[in-house]
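Participant: Next up is a structure, given as structure tokens.
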Amino acid sequence: MKLKTKLFLSYFVLILLSGISLFWLIIEIRQLTTSLRTHVSQDVRSIIAISRQLQSLEDLNAAYILLFIPGKSIDQKGAKLETTLDRFEKNWRQLKTAMLTPFPKAWYDRFFDRLYRFVYGWFDPLRVSPDEYGKEIRTLSERVESIWREIDTNMAKSLRYLRENRQADARYLRDARIKRELQKLRQLLADLNRQLGRRGIAKSTEMARIAQKSQWVIIAAAVLMVVLSIIVAFIVSKRLTRPIPALKDAVNKVAIQNFDIHIKEKSNDEIGELAQAFEQMSRRLKETEAYKSAMLSQFTHEMKSPLGSVKQATHLLETALGENASQEQKRFLAIIKGNNENLQKMITNILHSASYESGRVKLNYKPVEFVRLVKEVLIYLSPMIKGKNIDVRMQFSKEKITGEADEDKIKEVVQNLVSNAVKFSDKGTTIDISVREKFPLIIFDIRDRGIGIPAKEIPYVFERMYRAANAKTISVKGTGLGLYIVSQIVRAHGGKIDVQSREGQGTRFRLTLPRSKRIAEEGEWLQ
Ligand code: ATP
Ligand code: MG
């Protein structure tokens, strides 16, 4: 998958999640406002209507009783009764609508209502909905209606009897039926009132629940969003950057000429492609490097014997000429000998470095006296030191510092370090060499006051064939193999080598060696 697509998808997931939580909040808030609007107004209307209904029932009762009290004419009393009957009827219709017809809801309110019930139905199936009261209210109102119809007919009948002067029939109807029916109706209306009250309470409780839940939903949605965002961001960044450390390690390895690169985690995006290309490149480099080494070894081997012959022939020529040699001939002989020696040294270096490649240094441990070792190196290098009129100052913590190491190889190390110090110093400067014992280690310091190494090149000086810019500017001869050989030998001894340098001021190499093979093998001191 392309990096672009991955990023797009992760943003999309985040936005989707926030969208879902927002939507959830909207559902809650809509539900709350709908409840408030519809239920409250319905309840208030019903409760007002029912008290009016009770009042008109009492009016009706009074008008009916008035019929039997002597006084005004029956027509007047009858008309009064009919108006109260009409008023009762009218009020009843209003009450019914208020109680039973649901408050009209907009389509989105109905949609959200259904969604809300669907979502919360799962969590809270046992909850009694305020709508449960609706059924009871409906049955009660049906009973009110049927009894009302009876009262209506019976009252009309009573009125007719009275008009026809059938007082006894009218009284009978009143006592046997209407009184009881009125009582019943009063009872039913009271029940209805009670039910409406209960439904009102249930609805307010419901609203309080929703309001409280909305608060929790807001908090939960916020927390959930934060947690989800953190998780998504973490996963995305981790997944995207996973191959990068491996790639960085690989680059570092190649920088120090280690071409054995295998990047395990290759993602299926551009970074993965880069890793693959990098692996391929290092494979090619390795092949080239191997080819170069082989060529070089072959070449140097081939060079060894002709150089030996040149040396021998020069020697023979020198003896043959003897004292007869002219000044010019002597100068030429010296040039041939010097260059021959340089070439031979170079070849030895190349062959050594090839045999030390990838840590294959075989050590021949034996007791060594390090002060003597340094002195011998200095004697060996004295022509070079004198040639530059350099003052070498030595310092030893003890007259004899003994230990165990491969003497020839450590000699090679010290020789390389001292010859570098001489090579990269001006004429007439000083070099300080110190050897001290710091149990269980032996520490060598070789400090010159030469040209120094440019800071950004310091990390690379131990690499094979690396020569810093300073070597090139003062055009000192060399192959760049000396410090590589040094580092390989030191590593094989379980020691370490550090360098501190400042351009124009000088360089200090510090070589730290474990005193014996056993200490080297334990390796604890390194920590
Ligand atoms: P070779 O040792 O093969 O003759 P070289 O001396 O150039 O060649 P190294 O000994 O490996 O190579 O050193 C690597 C580089 O480190 C040098 O080319 C030089 O740039 C830098 N260097 C090493 N020692 C010093 C020093 N004492 N002062 C300044 N630069 C140094
Ligand atoms: Mg060198």
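Participant: Give me the accessible area of SER21, 1.4 Å probe, in Å² rounded to the nearest 10.
Facilitator: Here the accessible area works out near 20 Å².
Participant: 7 Å from Cα along Cα→Cβ at both LYS362 and ALA320: what's the point-to-point distance in nm?
Facilitator: 4.0 nm
Participant: Here's something else I'd like to know. What is the distance, in nm, between label points placed 7 Å from the Cα along the Cα-to-Cβ direction at MET465 and at PHE332?
Facilitator: About 3.5 nm, to one decimal.
Participant: Keeping all protein chains in place and using 1.4 angstrom, which order do TYR365, TYR116 fall into by accessible surface area, from largest down? Each step should come with its number before you reach the end.
Facilitator: Values: TYR365 55, TYR116 10 Å².
Order by accessible area, largest first: TYR365, TYR116.
Participant: Quick check: residue separation of VAL40 and GLN167 times 0.36 nm, minus the Cα distance between them. What number comes out in nm? Please report the intermediate quantities before stating the final value.
Facilitator: Numbers: separation 127, 0.36 × 127 = 45.72 nm, distance 4.94 nm.
Going from the current span to full extension adds 40.8 nm.
Participant: When a/c is below 1.5 the answer is rounded, else prolate if a/b is larger than b/c, else oblate, so apply that to the stretch 372-412 with a ≥ b ≥ c taken from the square roots of the Cα gyration tensor eigenvalues.
Facilitator: Note, shape of the stretch 372-412 comes out oblate.
Participant: Mind ordering 404-411, 133-140 by average Cβ neighbours within 10 Å, highest first?
Facilitator: 404-411, 133-140
Participant: Assuming R0 = 35 Å, what is the FRET efficiency of ASP498 and LEU224, from their Cβ-Cβ distance, to the nearest 0.05?
Facilitator: 0.05
Participant: Can you tell me how the stretch 324-393 classifies by the Cα gyration tensor, rounded, prolate or oblate, using a/c under 1.5 as the rounded cut?
Facilitator: Here the stretch 324-393 falls in the oblate category.
Participant: Rounded to the nearest 0.05, what FRET efficiency do GLN212 and PHE68 give with R0 = 41 Å and r taken as the Cβ-Cβ distance? Could you check? Intermediate results must be reported in sequence, preceding the final value.
Facilitator: Details: r = 58 Å, r/R0 = 1.41.
E between GLN212 and PHE68, to the nearest 0.05, is 0.10.
Participant: Please find the FRET efficiency linking GLU58 to GLU132, where r is the Cβ-Cβ separation and R0 is fixed at 35 Å, and quote it to the nearest 0.05.
Facilitator: In this case the efficiency is close to 0.70.
Participant: Residues of the stretch 404-446 with backbone nitrogen within less than 15 Å of a virtual label 7 Å along the Cα-to-Cβ line of GLU522, please, listed as ranges.
Facilitator: Label zone hits: 404, 438-442.
Participant: Using the basic label-point model (7 angstrom from Cα toward the beta carbon), what is the ASN340 to LYS427 distance in nanometres?
Facilitator: So the two model labels end up 2.8 nm from each other.
Participant: While we're looking at this one, here's another question. Could you give the accessible area per residue of the chain, probe 1.4 Å, as a whole number in Å²?
Facilitator: Here the residues of the chain average 60 Å² of exposed surface.
Participant: So, one more: Using only C-alpha atoms and all pairs of different ones, pull out the Kirkwood radius for the chain in Å with one decimal.
Facilitator: Details: mean 1/r = 0.0288 Å⁻¹.
Over the chain, the inverse of the mean reciprocal pair distance is 34.7 Å.
Participant: Rounded to the nearest percent, how much of the accessible area of the chain (1.4 Å probe, protein heavy atoms only) is carbon and sulfur?
Facilitator: 59 percent
Participant: Tell me which lysines have Cα within less than 21 Å of LYS264's Cα, excluding those fewer than 8 residues away on the same chain?
Facilitator: LYS2, LYS6, LYS238, LYS248, LYS253, LYS286
Participant: Also: Would you kindly state how much longer the chain becomes between TRP24 and LYS157 on full extension, computed as 0.36 nm times their sequence separation minus their alpha carbon distance, in nm to one decimal?
Facilitator: Values: separation 133, 0.36 × 133 = 47.88 nm, distance 6.17 nm.
Answer, rounded to one decimal: 41.7 nm.
Participant: How far is the Cα center of the stretch 126-189 from the Cα center of the stretch 224-292, in Å?
Facilitator: 90 Å
The values are calculated or read from the model by the stated rules, or taken from the named source; none is laboratory data. Just so we're clear, the structure is a prediction, and the values are computed from it rather than from any experiment. Counting neighbours? That spans all protein chains shown, and the Cβs are built from the backbone with ideal geometry, glycine included. These accessible areas exclude ligands, DNA and RNA; they are computed on the full protein's heavy atoms, side chains included. Shrake-Rupley method; radii C 1.70, N 1.55, O 1.52, S 1.80 Å.
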